[in-house]
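Each value in this text was obtained by applying a stated rule to the coordinates, not by laboratory testing. On a predicted model such as this, the values are computed, not experimentally measured, just so you know. Glycine gets a Cβ as well: all are built from the backbone with ideal geometry, and neighbour counts include every protein chain shown.
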Amino acid sequence: MNRIKIVGLGIVVVFCAALIPSSAEAQSEPLQLKYLGAAGWEISDGNVVVLIDPWITRAKYGGGGHPDDTRPGYARDDIAPSDTVLIDQLISRADFILVHHGHFDHLGDVPYIARKTGAKVIGTETTIMILRAYGIPNEQLYAVGGGEDYQFENFSVRVVPSIHSALGEKHYFDTRRYDRNTELEAPLLINQFIEGGSLMFLARFQSHNVLTMGSMNFVERDLEGIHPDILLAGVNGSRLGLYNYDERLLKVTGYPAIVIPTHWDNFRLPYGFSQEANIARNLVPFVSAVANISPKTRVIQPVHLETITIE
Ligand SMILES: [Zn+2]
């Protein structure tokens, strides 16, 4: 379709849609991001399916074992549960699994999903040692320390060093690590899912770069120059104990066009339970903070198991 516009002193400008070269963006499939709850995502661009911290079991009716968890439920020395029936309903394919750190609300379902899908898993050495204990073959496992930038077929990922949420009013601190000398026997107890250091990922899809977070914390200097168009921003209460968290995060990441809050929900409740309290406490203030700091940013509030499509 041609449109003709008369400008000023009779200068004719012709807009011809057919003559505008179509960009790579126009030809590629939209990015689809399904929120799995906690810090968990299934992201696909039509070429690859990438899971981020898929925690589907959601340790029903309680919790226990997480460093900030004092409520009854699973205890720290219980065997870490994995709801394989629910996982089978929700996960059919994965090419990659990116794991931010080793706590059970990030890694707890990865042994089963990695075995089921054959996905390549990228995580800290601690994460990889846990997966080895569960018998995941070495060919699937990529131990990283932060700083790596790996090219795979149809997908590349930069690993960004990071730090864990400042839990327990900033008193949380855990330097334990697993390495090749650590003896672990599956199934592991919840308290054997140690943090083991924390990471972020810049996941590059066909037409979008997604910067992922699994904690409410980051190392500012390690994010310099990383300007994703989509940021999965850690948005939970402990961020309020950090200096100007929202402002520093948005600024250093170049005020991303799209920000999607992650890890904001109560991950101890199964899917289908009301998350209104956490929405009111975490999402509502964050949305208004972003509106002030970066008015052009679009904040998308994710809903459990619903897919966000970005053209
Ligand atoms: Zn954690």
Practice task
Go over the candidates ARG93, ARG132 one by one and state the one that is surrounded by fewer than 22 Cβ atoms within 10 Å (Cβ to Cβ) and not in a helix (DSSP H, G or I).
Solution key: ARG93
Practice task
Just give me the residues in the range 131-157 being touching a Leu at 6+ places or on another chain (Cβ under 9 Å) and either within 16 Å of the ligand (Cβ to nearest atom) or among the small types (Gly, Ala, Ser) (or both), in sequence order.
Solution key: ALA133, GLY145, GLY146, SER156
Problem - Boolean, SER274 is farther than 21 Å from HIS164 by Cβ, without any contact (Cβ under 8 Å) to a residue 24 or more places away in the chain, part of a loop (DSSP other than H, G, I, E, B) and over 16 Å from the mean Cα position of the chain (by Cα) - result: yes
Completion exercise
Counting only residues in the range 209-267 that are of a type in the set (Gly, Ala, Ser) and at negative phi, the one farthest from the ligand (Cβ to nearest atom) is identified as ALA257
Completion exercise
Among residues of the range 161-175 being within 13 Å of the ligand (Cβ to nearest atom) and assigned to a loop (DSSP other than H, G, I, E, B), the residue surrounded by the most Cβ atoms within 10 Å (Cβ to Cβ) is SER165
Practice task
Evaluate the following for PHE286: is it buried (at least 19 other Cβ atoms within 10 Å of the Cβ) and within 16 Å of the ligand (Cβ to nearest atom)?
Solution key: no
Practice task
Report yes if ALA203 is part of a loop (DSSP other than H, G, I, E, B) and either within 14 Å of the ligand (Cβ to nearest atom) or not hydroxyl-bearing (Ser, Thr, Tyr) (or both), otherwise no.
Solution key: no
Practice task
Mind listing whichever residues of the range 86-130 are closer than 19 Å to ARG76 by Cα and away from the ligand (no atom under 16 Å from the Cβ)?
Solution key: PRO111
Practice task
Can you work out which of the residues in the range 92-128 that are in contact with a Ser or Thr (Cβ under 7 Å, 6 or more places away or on another chain) and aliphatic (A, V, I, L, M) is nearest to ALA203 (Cα to Cα)?
Solution key: LEU98
